[in-house]
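All of the numbers you see were taken from the coordinates with simple rules; none came from a lab. Fair warning: this is a prediction, and the values are worked out from it, not measured in the lab. In this analysis, Cβ positions are derived from the backbone assuming ideal geometry, glycine residues included, and neighbour counts consider all displayed protein chains.
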Amino acid sequence: MSIKFRNPCDWLDKGQIFPTASLTSVLGIISVTESFLQYVSTQEREILELALKSFNSVEKDDLLDVLDAHDCQMLATEGNIAGLVSQLGHKSLIQTPMFVIDCWKPILKTLADTLYPQTLVEIVEERIPTPNRVKDLLEYPKEMTAPLNTVARHLRKYIGESDNTTLKAFPVLHRG
């Protein structure tokens, strides 16, 4: 007997939520809970793992903070913590992305019908920061003193000598 997995795209096209069991099988993930524990921060992961292993030894305030941060509306108990973490994982990893996909689907469909692939490539390439593009983002006061001119000159030089990683971070870090 062989097991057939459905194509994930079939589920997306029909607007259905992809079944958790099939998703985890296709992606090779053990469970939604394990995936969720990889998704959350290290601190949250430690708290949730401790709650799953030994519910009574976890600091209740810390656990409530983690559950509240993920919009958990139920009171956690030793008997339901595994189910709660699984539900939070399902919401974060499956339901929320599906909601976003459903919201963007009509917009992206319209774009796909009207936007040529080369145009899309050009739009993406225009967003890649280069030294000149980053320098163009800089705004200086109309009246600049000698020290300000010196700082501006050093900043332009720094940007011109920066690598791609620094350039990609620069516009994000320096928005006004």
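Using only side-chain charges placed at the Cβ, +1 for Lys and Arg and -1 for Asp and Glu, the dipole size of the stretch 60-176 relative to its Cα centre rounds to 580 debye.
Starting from the 7 Å offset along Cα-to-Cβ, what nm value, one decimal, do you get for the label separation of Ala146 and Thr96? Output for this residue pair reads 5.4 nm. Rounded to the nearest 20, the Cβ-based charge dipole of the stretch 128-173 about its Cα centre (Lys and Arg +1, Asp and Glu -1) stands at 60 debye. Applying 0.36 nm per residue to the separation of Asp71 and Thr119 and subtracting their alpha-carbon distance, the gain on full extension is 13.3 nm.
For every other residue with a beta carbon closer than 13 angstrom to the beta carbon of Cys72, add +1 if it is Lys or Arg and -1 if Asp or Glu, then tell me the sum. Mind showing how you got there, number by number?
Values: positive: Lys91; negative: Glu44, Asp65, Asp68, Asp71.
In short, -3.
Lys168 to Glu49: extension gain in nm, 0.36 nm per residue of separation minus the Cα-Cα distance?
Working: separation 119, 0.36 × 119 = 42.84 nm, distance 3.52 nm.
Once the chain is fully extended between Lys168 and Glu49, it gains 39.3 nm.
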